[in-house]
1. Normalised by the residues of the chain, what does the relative contact order come to in percent, with Cα pairs under 8 Å and at least six apart?
2. What number, rounded to the nearest 500 deg cm²/dmol, is the helix-based mean residue ellipticity at 222 nm of the chain, given -39500 (n - 2.57) per DSSP H run of at least four residues and division by all its residues?
3. When the C-alpha atoms of region 1-102 are aligned to their principal axes, what extent does each axis show, in angstrom, from largest down?
4. Return the long-range amide H neighbours of G27 (sequence gap of 5 or more, or a different chain), with a cut-off of under 5 Å between placed amide H atoms.
5. Hey, can you grab everything whose amide H is under 5 Å from the amide H of V88? Only 5+ residues off in sequence or another chain; H modelled, so Pro and N-termini drop out.
6. Output the peptides 36-45, 53-62 sorted from most to least packed, where packing is the average of other Cβ atoms within 10 Å over each peptide's residues.
7. Which whole-Hz couplings ³J(HN,Hα) result when phi for each residue of region 32-47 is put into the Karplus expression 6.51 cos²θ - 1.76 cosθ + 1.60, θ = phi - 60°, listed in order with x for Gly and Pro?
8. Work out from phi, with θ = phi - 60° and the Karplus expression 6.51 cos²θ - 1.76 cosθ + 1.60, the ³J(HN,Hα) of each residue of region 120-125, listed in order in whole Hz, and give x for Gly and Pro.
Amino acid sequence: MNPLSRAPIEQQIDVGIRAINALLSVGRGQRMGLFAGSGVGKSVLLGMMARYTRADVIVVGLIGERGREVQDFIDNILGPEGRKRSVVVAAPADTSPLQRLQGAAYATRLAEGFRDEGRDVLLIMDSLTRFAMAQREIALAIGEPRRPRATHLRCLPSYLG
């Protein structure tokens, strides 16, 4: 979508975490990325957002996670409160790169469908890094050069909104 044709972000959405609401407020319709090293709690933070947000529907895309991580996220991190209003799309690491990309696209389409129904939707995608790795695997398989050109760098979408 052309950025100039998007509606302005005017309303804050409560993500259920006071520090984020106060210091890094998230606007309705905004896309945001969480970037940090491995093992520092990004998934736990996303699970807290899913449990405590005021959004009507939470769509969770688990892309490239190990099978046990998917089960742990659903059972322990998302918890019963988060599961009540969540839709989880999982494309684990043992699936093909194309299926991982399709999983991310499917989660996005689901979130857009709920949004078009007039619901407030929180789309959480974990992990954008593994999504990009799947894109790279496909690019290498079809013979694209190993070093990305500047035209390839602008193609990485942001999937948290």
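Each reported figure results from applying straightforward, stated rules to the coordinates on display, with no laboratory input. Not measured: the values here are computed from a predicted model. Using ideal geometry, Cβ is built from the backbone for each residue, glycine included, and neighbour counts are taken over all protein chains shown.
1. Averaging sequence separation for qualifying contacts and normalising by length gives 25 percent for the chain.
2. Result for the chain, helices only: -12000 deg cm²/dmol.
3. 40, 32, 29
4. Hits under the 5 Å cutoff: I13.
5. HN-HN under 5 Å from V88: V60.
6. The densest-packed peptide leads the list: 53-62, 36-45.
7. 9, x, 10, 10, 6, x, 6, x, 9, x, 4, 5, 5, 4, 5, x
8. 7, 10, 10, 9, 10, 10
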